[in-house]
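Beneath this line is the structure, given in structure tokens, with notes to follow.
The values are calculated or read from the model by the stated rules, or taken from the named source; none is laboratory data. None of the values given here were measured: they were computed from a predicted structure. Positions of Cβ are backbone-derived with ideal geometry, glycine not excepted, and every protein chain shown enters the neighbour counts. Each accessible area value is taken on the protein alone, full model and side chains, heavy atoms only, with ligands, DNA and RNA left out. Shrake-Rupley method; radii C 1.70, N 1.55, O 1.52, S 1.80 Å.
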Amino acid sequence: MNWVCSICGSDQVARRRPMHSRFAAFRNRKLVTCGNCSAKTVFPVPNEAELAEINRTYWKSTGTDGASAREGLLELAKHRVNYLVSHCGSLDGKRILDIGAGHAYPYDAIRLLDVNVDYSAVESDEQMREELSAKGISAYADLADVEGSPFDLIILSHVVEHVQSPVEFLRLASECLSEDGVLFVEVPNKDDFF
């Protein structure tokens, strides 16, 4: 097996197990735990076309369209926003970029704080971009398309695990930050299966 951790570059494997996923691109692959940094990655990594197809229609397969699911996700977003405020201070007047925004629940939670923000989003799912635009959010299909850098806060909530080269992706995202900007990264816990 010619596996190398996409996070730390180690070739030390702590654990390897079959991958279980609703997405065809992840079937017949392994979930590998790095022996050095404990990151879990899929092997072999899906190619860019496979990942693009998954991400293009991801939200249709999540079951987040029901009222109770949306209420729960908004509650989670409120906790994330409270965490951000407690660590970053007021969000009033901030320029925020939400990458992989989906329904943009952080935006909804921020609006409840009655502060003014300049909120933009990157979302590969066209249907979600339409929803974001209807909320008044500047929505882009790709990070390379984003206008108006730098941002004071960039949100990456459950996004890094959807990219082929996470370290490079984080480098590109951080280039969109202001000098004192904050990059908020949240990834699934060890029990999640994508």
Task: ALA121 part of a strand (DSSP E or B) and either among the hydrophobic types (A, V, I, L, M, F, W, C) or open to solvent by 30 Å² or more (accessible area, probe 1.4 Å) (or both) - done: yes
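In the stretch 96-111, which residue that is closer than 21 Å to ASP142 by Cβ and small (Gly, Ala, Ser) is most open to solvent (accessible area, probe 1.4 Å)?
Just the residues of the stretch 96-111 that are closer than 21 Å to ASP142 by Cβ, to begin with: 96-104, 106-107.
Going one step further and asking which of them are small (Gly, Ala, Ser), we end up with 100-102, 104.
Details: GLY100: 28, ALA101: 10, GLY102: 0, ALA104: 0 Å².
That would be GLY100.
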- [ ] Kindly list the number of the only condition in (1) closer than 24 Å to SER21 by Cβ; (2) part of a loop (DSSP other than H, G, I, E, B); (3) open to solvent by 50 Å² or more (accessible area, probe 1.4 Å) that fails for GLU168.
- [x] (2)
- [ ] Scan the stretch 36-47 and report the pairs whose first residue is farther than 10 Å from SER6 by Cα and whose second residue is small (Gly, Ala, Ser) and modelled with pLDDT of 85 or more, with Cβ atoms within less than 6 Å and a gap of 6+ or a chain change.
- [x] ASN36/SER10
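Just the residues that are of a type in the set (Asp, Glu) and either within 18 Å of the chain's Cα centre (by Cα) or surrounded by 19 or more Cβ atoms within 10 Å (Cβ to Cβ) (or both), please, taken from the stretch 71-95.
GLU75
HIS158: in contact (Cβ under 8 Å) with a residue 12 or more places away in the chain, within 17 Å of LEU76 (Cβ to Cβ) and open to solvent by 50 Å² or more (accessible area, probe 1.4 Å), yes or no? Let's see the steps before the verdict.
Details: in contact (Cβ under 8 Å) with a residue 12 or more places away in the chain: yes; within 17 Å of LEU76 (Cβ to Cβ): yes; open to solvent by 50 Å² or more (accessible area, probe 1.4 Å): yes.
Criteria met by HIS158.
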Open item on the list: I need every pair where a residue in the stretch 169-180 that is in contact (Cβ under 8 Å) with a residue 24 or more places away in the chain has its Cβ under 6 Å from the Cβ of a residue that is part of a loop (DSSP other than H, G, I, E, B) and open to solvent by 50 Å² or more (accessible area, probe 1.4 Å), sequence separation at least 6 or different chains.
Closed with: CYS176/SER149; LEU177/PRO150; SER178/PRO150
Open item on the list: Suppose we keep only residues that are among the aliphatic types (A, V, I, L, M) and assigned to a helix (DSSP H, G or I) within the stretch 1-55. Which one would you say is surrounded by the fewest Cβ atoms within 10 Å (Cβ to Cβ)?
Closed with: ALA49
